[in-house]
Amino acid sequence: MLTTPATSRQKLSHHTPYLVLDETEPNGEGGQVETTTVFLTASPCPIGCRMCDLHRHTLPGPTPEGVVAEQIDAALAKRPRRGWLKLYNSGNFFDPQSIPVSDYEAIALRCEGFSRLVVENHPRFGAERLRRFRDRLPVQLEVAVGLETVQPRWLNRLAKQMTRDEFDRYARWLAGEGVDLRVFLILGVPGVTAREATRWARLSVRHALAASARHISLIPARIGEGWSGLGDQLPSLSMDVLGEIQRAVLRDADGRAAVTIDVWDIDRAERGFEDLCRRNLTQQPD
């Protein structure tokens, strides 16, 4: 369970998402697609990964029935329903404490007009609930899983409550259910150099590719909850290094998956990194 103090949690409304983003992202076919990302205000994740600070944007208890649909309505009220929709709940979509099962029908109805829904989940949660929700959806379902890294020592230290083998079995199960896979990978851990972070990122990307990931998102590590006191040992990843990493993993992917670097917490004005990402995505692998 989470061990951070409750005082770090923000005071949020049950009735509105804590953030909504209008984005574009690669569609995996050489183009881009408009995407609405809704960060739902829901209950905290019970996994409690040691670097994660997403519980700050959660409710102190279980998500009340009916409020998720209200939040989606609030997010989409002035937005066109086209492209893709992401519903991220700072935890696991198929955890009934976070997303009540009784809300599945209402959520599915609100996906009308989109062509893809992306949610996040941990392999420990809700195989049967996933099937029930998928069968109600009018769109393609994609599940994002935080593999983080294939470095065994750090996968254990992060308290992911998931091994590489468990991730692989879940990836195969999703494929068998007709559900697409998105993978979150963390870029950098305490005590490694930028070069070593790059090497592990590439190995992790290759593992995600072998698991048939449709989209792989690399997320530069931030201090978050302090990494059990090791946050000050995270590698310094310059914009140049991030650009080199993106080019390298795009070559590794060779068109088999969309691969992006998350820039939400990066100063986008610094050296035009967002523009660099877009240029990299439009280049053919060497």
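Worth pointing out:
- Within segment 160-190, the set of residues being of a type in the set (Gly, Ala, Ser) and surrounded by fewer than 17 Cβ atoms within 10 Å (Cβ to Cβ) comprises Ala175, Gly176, Gly178.
- In segment 159-192, residue farthest from Arg214 (Cα to Cα) [restricted to those that are at pLDDT 95 or above and part of a strand (DSSP E or B)]: Leu185
- Scope segment 240-264; condition farther than 22 Å from Arg195 by Cβ and modelled with pLDDT under 85; matching residues: Trp264
- Which numbered condition Gln71 misses (of (1) more than 26 Å from Ala257 (Cα to Cα); (2) surrounded by fewer than 22 Cβ atoms within 10 Å (Cβ to Cβ); (3) touching a Leu at 6+ places or on another chain (Cβ under 7 Å)): (2)
- On inspection, Arg131 fails the criterion of being surrounded by fewer than 14 Cβ atoms within 10 Å (Cβ to Cβ), under 19 Å from the mean Cα position of the chain (by Cα), modelled with pLDDT of 95 or more and part of a helix (DSSP H, G or I).
- Residue check, Ala201 farther than 22 Å from Leu230 by Cα, within 19 Å of the chain's Cα centre (by Cα) and modelled with pLDDT of 90 or more: no
- Test: residue in segment 75-83 that is among the aliphatic types (A, V, I, L, M), outside any helix (DSSP H, G or I), over 27 Å from Arg222 (Cβ atoms) and modelled with pLDDT of 95 or more: yes
- Residues that are hydrophobic (A, V, I, L, M, F, W, C) and part of a loop (DSSP other than H, G, I, E, B) were ranked within segment 84-110; the one that is farthest from Asn27 (Cα to Cα) is Ile99.
- Test: residue in segment 192-203 that is within 25 Å of Gly91 (Cβ to Cβ) and of a type in the set (S, T, N, Q): no
- Taken together, Gly61, Gly113 contain a single residue that is at pLDDT 95 or above, assigned to a loop (DSSP other than H, G, I, E, B) and over 16 Å from the mean Cα position of the chain (by Cα), which is Gly113.
- Which listed residue, of Thr37, Thr41, is under 29 Å from Thr149 (Cα atoms), touching a Phe, Trp or Tyr at 6+ places or on another chain (Cβ under 7 Å), modelled with pLDDT of 95 or more and buried (at least 22 other Cβ atoms within 10 Å of the Cβ): Thr41
- The numbered conditions (1) acidic (Asp, Glu); (2) free of Cβ contacts under 8 Å to residues at least 12 places away in the same chain; (3) within 25 Å of Thr37 (Cα to Cα) are all true for Asp165 except (3).
- The condition of being closer than 30 Å to Arg81 by Cβ and of a type outside the set (Gly, Ala, Ser) holds for only one of Asp180, Asp168, that being Asp180.
- For Asp22, the conditions (1) outside any loop (DSSP other than H, G, I, E, B); (2) farther than 24 Å from Ile186 by Cα; (3) among the acidic types (Asp, Glu) are fulfilled apart from (2).
- Candidate set: segment 204-231, residues that are surrounded by fewer than 19 Cβ atoms within 10 Å (Cβ to Cβ), of a type in the set (A, V, I, L, M) and part of a loop (DSSP other than H, G, I, E, B); chosen: the one modelled with the highest pLDDT: Leu230
The values are calculated or read from the model by the stated rules, or taken from the named source; none is laboratory data. Keep in mind that what you see is a predicted model, and the values were worked out from it rather than measured. As a convention, Cβ positions derive from the backbone with ideal geometry for all residues, glycine included, and neighbour counts pool all protein chains shown.
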